[in-house]
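As structure tokens, the structure follows; a few thoughts come after it.
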Amino acid sequence: MHVSSEIPPLKLVVVGHVDHGKSTLIGRLLHETNSLPDGKAEAVIAMSERRGMPVEWAFVLDALQAERDQGITIDTTQIFFNTEKRNYVIIDAPGHKEFLKNMVSGAALSDAAVLVIDAKDGMQEQSRRHGYILHLLGVRQVAVVINKMDLADYREERLQELTAEIRDYLSELGLEASAIIPASAREGQGLISAPDKMPWYQGPSLVEVLDNFTPPILPTERPLRFPVQDVYKFDERRIIAGRIESGRIRTGDTILISPSNKAVTVRSIESWNTKETALSASAGQSVGITLSEQLFIERGQMISHESNAPFETNVFRARIFWLGNNPLEVGKRYKLKLATNEQIVEVQSIETVIDVENLTTGMGDRLERNAIGEVTLRARAMLALDEFSDNPKTGRFVLVDGYDTVGGGTIFMEGYPDQRTRTDVRSTNITAVEHRVTPELRANANGHEGGILWLTGLSGAGKSTIAIELEQQLFAKGYQVYVLDGDNVRFGLSSDLGFAPEDRVENIRRVGEVAKLFASAGVLVITAFISPYRADRDRARSIAPDMFHEVYIAADVATCEGRDPKGLYKKARAGEIKEFTGVSAPYEEPVTPEVTVETADRTVNESVAELMAYVEENFSMVKRNGGR
């Protein structure tokens, strides 16, 4: 069979419990579709006869003598396979639990999966593990084959029993099988055509299901991602060289350099060993480009188009497969390699630990060898990256400890915003107003300096309660003071914003700017906002660095949920509120706040008294000058 080479092959992983017939299914499928090399089928038949056994199509894939002797698949085997409609790369993943790591590696490369279940044995522990790993790796196209139906006498009742069990289990994982197909791989039933020994089955064959899977997205169809490999100087030209991982680039394109956030035009595309001048280049090509103006560009930066830029962030979440002999632990630092970029990252937190042997899920502060975990990593510098589901090329990475590769991971940004700067002044013909009333004059008139007390903490920690009480007591002492509260701001200033990560970022940016105006007017402004992202609070500090005081109102999730003054935790646990901080969205604790107020075991008055003392020490002119 011949399929156009322009159609990308579908990468298909075949998984299932050991001895449920995966390799037999693949071998027979290759034979039935005439995908075997000349003489291979005859060799398998002869080998089976020498061993005095029925034709064993699993021998097609068993490249290792040890596998033939033990009758199990040890490593992932990749083999090309085709139907009249499309090409495939089949990944035969091991089913034995001792080789589960290899199964994970195979599934991570796949576009779709076939889960093989023995009709007689049914769903086994390893079958459930494999289904969980497919879910974890984001494989959403899944066909289930109920194999060895001959051992169940081709009974329709047995298919119905297993179908109900399988659909229930997959639905718990958020997966839905495209089809559940009864088959007998050894007998060639149900693979490429309707099974004649199961006339009651009216559904598709395995090949029909596979051919209807959504094809993989070509790299050229994804947004431009051109990691900078190096910069060369020829004559007066500076050539930015690298390999285009996805998308296309043309002369005259306006491109964006991340994370420097600079836009520039492509003057020319330089290619090697070609006589004609290139006007464009696409994914997979190694090229150089020159720019319309000289910018400082270095290895590791990412080139994209402005309209489809990557995330820019210094913190992200990842699903990591840990291979190191020493465990991955919170607080440890590793070298991250992402495309051509290399940065030191710190393990900020480990949200979930999954034991690969039994797939138990729990909390923890370390990942042992061969375990999987969902972690948050933080870099010192900004990174340009994508979610793995959007662009696998720039959404996966490896971690290095010393000279050893100790882990690999895929990126997802759930709960975290794009930090790309979008605060450039767009207005024209504007001039900043110079005030004649200086901060010193305002402070002397008020008896205190203006400033920002930025209260941050989880919902229910006590921010608003403390802020309102503090405002009242300070006002009674003659302070010019005002509270900016999260809910009140969202009735007006931020009424157009929701609670998505990017909306949270914009909300805090606006509050930071308003707080600066209040403080510049000599007011002591108290803000009460969760402000969950450390980067946002740092950005708010940068707006008015000399007036900003970070106050961490500290209480753990259990304490806050026990209080739940607005009933929000209850709604979040019920799924009525999505991306709720502390439950389904992250909260990054301050590292070095000016003040930390522990509220779990303190009364409101005790907490306010601590802040009153801080204010009088740091803002009062009377305190500072010993009298007016």
Check your understanding: Of the heavy-atom accessible surface of segment 179-238 (probe 1.4 angstrom), what whole percent is carbon and sulfur?
Key -> 49
Practice item. Would you please report the Å³ per residue occupied by the convex hull of the alpha carbon atoms in segment 548-596? Key: 92
Check your understanding: Say R0 is 41 Å: what FRET efficiency, to the nearest 0.05, do TRP200 and THR361 get from their beta-carbon distance?
Key -> 0.55
Exercise for review: Could you work out the per residue convex hull volume over the alpha carbons of segment 544-628, in cubic angstrom?
Suggested key: 138
Review point. When all protein chains stay in place, what accessible area (Å², nearest 10, 1.4 Å probe) is found for ASP168?
Key: 100
Exercise for review: State, as an integer percentage, the relative contact order of segment 366-523 based on alpha-carbon contacts under 8 Å between residues 6 or more apart.
Suggested key: 20
Exercise for review: Report, to two decimal places, the Cα Rg of segment 484-566 normalised by 2.2 N^0.38 Å (N = number of residues).
Suggested key: 1.14
Check your understanding: With the calculation restricted to Cα positions, what are the radius of gyration and Dmax of the chain in angstrom?
Key -> 30.6, 106
Study note, to complete from the structure: Using alpha carbon centers only, segment 236-275 is separated from segment 581-617 by a whole-angstrom value of 49
Check your understanding: Normalised by the residues of segment 171-304, what does the relative contact order come to in percent, with Cα pairs under 8 Å and at least six apart?
Key -> 22
Review point. On the accessible surface of segment 274-414, probed at 1.4 Å, how many percent belong to carbon and sulfur atoms?
Key: 45
Practice item. Write down the Kirkwood hydrodynamic radius of segment 182-340, to one decimal in angstroms, obtained as one divided by the mean of 1/r over all alpha carbon pairs. Key: 19.7
Review point. What number, in percent, do you get for the relative contact order of the chain if the mean sequence gap of Cα pairs under 8 Å and at least 6 apart is divided by its residue count?
Key: 8
Exercise for review: Using a 10 Å Cβ count of at most 14 others and DSSP loop calls, identify the longest part of the chain lacking such GluC sites (Glu not before Pro).
Suggested key: 435-575
Check your understanding: What is the antiparallel percent of DSSP beta bridges lying wholly in the chain, to the nearest 5?
Key -> 65
Practice item. Keeping all protein chains in place, calculate the accessible area per residue for the chain (probe 1.4 angstrom), answer in Å². Key: 48
**Study point:** Cubic angstrom per residue, convex hull over Cα atoms of segment 270-425
**Key:** 162
Study note, to complete from the structure: Residue separation between HIS435 and ASP168 times 0.36 nm, minus their alpha-carbon distance, gives in nm 89.3 nm
Exercise for review: With a ≥ b ≥ c taken as the square roots of the eigenvalues of the C-alpha gyration tensor of segment 151-249, please select rounded if a/c is under 1.5 and otherwise prolate if a/b is larger than b/c or oblate if it is not?
Suggested key: prolate
Exercise for review: Counting helices only, and only those DSSP H runs with n ≥ 4, report the 222 nm mean residue ellipticity of the chain as the sum of -39,500 (n - 2.57) divided by its residues, in deg cm²/dmol to the nearest 500.
Suggested key: -7500 deg cm²/dmol
Point to revise | Exposure rank, largest accessible area first [LYS275, LYS463; 1.4 Å] | key: LYS275, LYS463
**Study point:** Cα-based Kirkwood hydrodynamic radius, segment 216-284, one decimal, Å
**Key:** 13.0
Revision key, fill the gap. For LYS233, LYS197, LYS516, the accessible-area ranking with a 1.4 Å probe, largest leading, is LYS233, LYS197, LYS516
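The values are calculated or read from the model by the stated rules, or taken from the named source; none is laboratory data. Every value quoted in this text rests on a predicted model; they were computed, and no experiment measured them. Positions of Cβ are generated from backbone atoms using ideal geometry, with glycine treated the same way; all protein chains shown enter the neighbour counts. All accessible areas refer to the heavy atoms of the entire protein, side chains included, with ligands and DNA or RNA removed. Shrake-Rupley method; radii C 1.70, N 1.55, O 1.52, S 1.80 Å.
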